[in-house]
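The values are calculated or read from the model by the stated rules, or taken from the named source; none is laboratory data. These figures come from a predicted structure and were not determined experimentally. Here Cβ is always computed from backbone atoms with ideal geometry, including for glycine, and neighbour counts include all displayed protein chains. SASA here: full protein model, heavy atoms, side chains in, ligands and nucleic acids out. Shrake-Rupley method; radii C 1.70, N 1.55, O 1.52, S 1.80 Å.
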Amino acid sequence: MYDALSSEALTSDELWACFAALRALDDALGELTVAAQEARQLAADAAWDVSQQGRGPAEVRRVLAVHGDNVPVYADRVRALRAGVAAMVA
C-alpha cells in the first residue's frame, strides 16, 4: 500500500546533505563564537588613551567594535538557518 508520508520523506541523499549542512552550520557557529571573543579582546587591547591616539588607531578600535557587535547578529542568522535545516530532518 502506498504511504503518503513516504512520498514526502527526504531521500537518503537529501538526508546526508542536511546532515552535512548541520555539521557545517555547527562549525560556523563555533568559528563565530571564536571570532566574537577575538574581536572583543582586540577591541579591549585597542582601548588606549584617546589623547595619545592618532586617527588610525581610533578608526581600528571603531571598526573592531562594529564587527564585535555584528558577530552575534551573524550567529543568530546561522542559528536560524540551522533550525530550518534541522526541521527538515526531524
Does Ala36 meet the test of being under 24 Å from Asn70 (Cβ atoms), at pLDDT below 90 and of a type in the set (Gly, Ala, Ser)?
-> yes
In this structure, does Leu15 turn out to be within 19 Å of Arg82 (Cα to Cα), open to solvent by less than 40 Å² (accessible area, probe 1.4 Å), modelled with pLDDT of 80 or more and not charged (D, E, K, R)?
-> no
Report, by residue number, each residue of segment 32-46 that is surrounded by 12 or more Cβ atoms within 10 Å (Cβ to Cβ) and out of contact with any helix residue (DSSP H, G or I) (no Cβ under 6 Å at 6 or more places or on another chain).
-> Thr33, Gln37, Glu38, Gln41
